[in-house]
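Here is the structure we will look at.
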């Protein structure tokens, strides 16, 4: 089993990366392979609403979204991490998530456990976390929770490591995700498949 962890911070080894590392360590200690997917420093454009992905099945704007979509097809679980910018998820991961979930119609995420986490200096963590959770709630993903909201505090990686409660929350995310992945695997072995979604019914409010 493999979990894909997305670092939505432009800092490849910053606070968000450090938080994801605690989750990854816990998963690996339980025999689950992990990979951190870095969004990096290159600009990530927002969705153009061109709907080219409806015809092609992939986003035409740039490659990073399609690279992650390919990784997602073979992953068994996901963790999306973001820094907090102005009480919201960072602009980079927001543009990325909009395009990733829209261009794929969220199909690579169906039935696969997912978690979101945020890293902040002081405030805005719950608002940013709520924003990320909306992508997961849209996508037939069993959402992995912890003992508290999935947040960690600190302005540097060293400060993040000193947030002992936050570090414990990250470990708990990893432990709970490992358990859920094992439960799903056991269910598959017993012949229990993920429910087949109904055809989507869309209702517009203006007729």
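Take residue 4 and decide whether it is surrounded by 20 or more Cβ atoms within 10 Å (Cβ to Cβ), touching a helix residue (DSSP H, G or I) at 6+ places or on another chain (Cβ under 6 Å) and either modelled with pLDDT of 95 or more or assigned to a loop (DSSP other than H, G, I, E, B) (or both).
Numbers: surrounded by 20 or more Cβ atoms within 10 Å (Cβ to Cβ): yes; touching a helix residue (DSSP H, G or I) at 6+ places or on another chain (Cβ under 6 Å): yes; either modelled with pLDDT of 95 or more or assigned to a loop (DSSP other than H, G, I, E, B) (or both): yes.
Spelling it out, residue 4 is indeed surrounded by 20 or more Cβ atoms within 10 Å (Cβ to Cβ), touching a helix residue (DSSP H, G or I) at 6+ places or on another chain (Cβ under 6 Å) and either modelled with pLDDT of 95 or more or assigned to a loop (DSSP other than H, G, I, E, B) (or both).
Could we say that residue 13 is in contact (Cβ under 8 Å) with a residue 60 or more places away in the chain and surrounded by fewer than 16 Cβ atoms within 10 Å (Cβ to Cβ) here?
On the way: in contact (Cβ under 8 Å) with a residue 60 or more places away in the chain: yes; surrounded by fewer than 16 Cβ atoms within 10 Å (Cβ to Cβ): yes.
The answer is yes for residue 13.
Need the failing condition index for residue 7 against (1) farther than 26 Å from residue 182 by Cβ; (2) in contact (Cβ under 8 Å) with a residue 24 or more places away in the chain, just the number.
(1)
Check residue 126 against each of (1) over 30 Å from residue 74 (Cβ atoms); (2) in contact with a helix residue (DSSP H, G or I) (Cβ under 8 Å, 6 or more places away or on another chain) and name the one condition it does not meet.
Against the list (1) over 30 Å from residue 74 (Cβ atoms); (2) in contact with a helix residue (DSSP H, G or I) (Cβ under 8 Å, 6 or more places away or on another chain), residue 126 comes up short only on (2).
Check off (1) without any contact (Cβ under 8 Å) to a residue 40 or more places away in the chain; (2) in contact with a helix residue (DSSP H, G or I) (Cβ under 7 Å, 6 or more places away or on another chain) for residue 45 and give me the number that stays unchecked.
Single failed check for residue 45: (1).
Taking segment 78-99, which residues are in contact with a strand residue (DSSP E or B) (Cβ under 9 Å, 6 or more places away or on another chain) and in a helix (DSSP H, G or I)?
Result: 91, 92, 93, 94, 96, 97.
For (1) part of a loop (DSSP other than H, G, I, E, B); (2) surrounded by fewer than 19 Cβ atoms within 10 Å (Cβ to Cβ); (3) touching a strand residue (DSSP E or B) at 6+ places or on another chain (Cβ under 7 Å), each residue gets a yes or a no:
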site: 36; (1), (2), (3): no, yes, yes
site: 41; (1), (2), (3): yes, yes, no
site: 45; (1), (2), (3): yes, yes, no
site: 48; (1), (2), (3): yes, yes, no
site: 54; (1), (2), (3): no, yes, no
site: 59; (1), (2), (3): yes, no, no
site: 65; (1), (2), (3): no, no, no
site: 69; (1), (2), (3): no, no, no
site: 72; (1), (2), (3): no, no, yes
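The values are calculated or read from the model by the stated rules, or taken from the named source; none is laboratory data. Bear in mind that the values here come from a model prediction, so they are computed numbers and not experimental data. Here Cβ is always computed from backbone atoms with ideal geometry, including for glycine, and neighbour counts include all displayed protein chains.
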